[in-house]
Amino acid sequence: MTFLDLKQKEVINCKDCKRIGCVADIEINPSNGQICALIVPAPIRFFSCFAKAEKYWISFEHVVRIGPDIILVDVCLDNVTMKDE
């Protein structure tokens with residue numbers, strides 16, 4: 001599977017069955033080449049042009065399954081939110 005294959009998939013949270021978004025980037029461990037995390041941009045909110053962009057940093061250990069169309073994760077979104085500097 002390539003990065004472009006991952007980028008076309010939607011990420012769905014198993015805890016509340018809601019769509020998180022599509023994969024924008026991945027973090028790779030340079031020593032062993034394994035994927036550490038999926039980075040998904042948070043949905044755009046009203047007046048978001050005045051705030052910092054948020055992204056979800058989802059550790060790869062929280063990935064439940066990668067299917068043909070979606071990626072299922074089991075994560076609490078409050079714990080994985082990071083601000084874009």
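Tell me, in nm to one decimal, what length is gained between M1 and I39 on full extension, where the rule is 0.36 nm per residue of separation less the Cα-Cα distance?
Going from the current span to full extension adds 12.0 nm.
Please identify the longest segment of the chain free of exposed chymotrypsin sites (Phe, Trp or Tyr not before Pro), where exposed means a DSSP state other than H, G, I, E or B and no more than 10 other Cβ atoms within 10 Å.
Result for the longest clean stretch: 1-45.
Rank L77, L4, L38 by accessible area, highest first, at a 1.4 Å probe radius?
L4, L77, L38
Calculate log10 I(q)/I(0) of region 1-42 for q = 0.15 Å⁻¹, where I(q) comes from the Debye formula with a single equal point scatterer on each Cα and nothing for solvent.
Results for region 1-42 at q = 0.15 Å⁻¹ read -0.40.
Of the accessible area of the chain, with the probe set at 1.4 angstrom, what percent is carbon plus sulfur?
Its accessible area is 54 percent carbon and sulfur atoms.
Long-range amide H contacts for K9: which residues qualify at under 5 Å (H placed 1.01 Å from N, peptide plane, sequence gap of 5 or more or a different chain)?
For K9, whose amide H was placed from the backbone, the distant partners under 5 Å are V23.
What does the convex hull of the alpha-carbon atoms of the chain project to on average, in nm²?
Values: hull surface 25.1 nm².
Value for the chain: 6.3 nm².
Which whole-number value in Å² is the accessible area per residue of the chain, probe 1.4 Å?
Numbers: 6050 Å² over 85 residues.
Heavy-atom accessible area per residue stands at 71 Å².
Sticking with the crude label model, points 7 Å out along Cα→Cβ, report the distance from C22 to L72 in nm, one decimal please.
2.3 nm
Report for the chain the percent antiparallel among DSSP-assigned beta bridges with both residues inside it, nearest 5. Let's see the in-between values first.
Working: 19 of 23 bridges.
Of the beta bridges lying entirely in the chain, close to 85 percent run antiparallel.
Give the long-range amide H neighbours of V75: residues separated by 5 or more places, or on another chain, with amide H under 5 Å away, using H modelled in the peptide plane at 1.01 Å from N.
Those lying under 5 Å, H to H, from V75 are C14, K15.
Could you work out the longest stretch of the chain that avoids the trypsin sites (Lys or Arg not before Pro) located in DSSP loops with at most 13 other Cβ atoms within 10 Å?
Longest run free of exposed loop sites: 53-85.
The values are calculated or read from the model by the stated rules, or taken from the named source; none is laboratory data. Given the structure is predicted, the values throughout are model-derived calculations rather than measurements. As a convention, Cβ positions derive from the backbone with ideal geometry for all residues, glycine included, and neighbour counts pool all protein chains shown. For the accessible areas, the whole protein counts, side chains as well, though only heavy atoms, and no ligand, DNA or RNA atoms are used. Shrake-Rupley method; radii C 1.70, N 1.55, O 1.52, S 1.80 Å.
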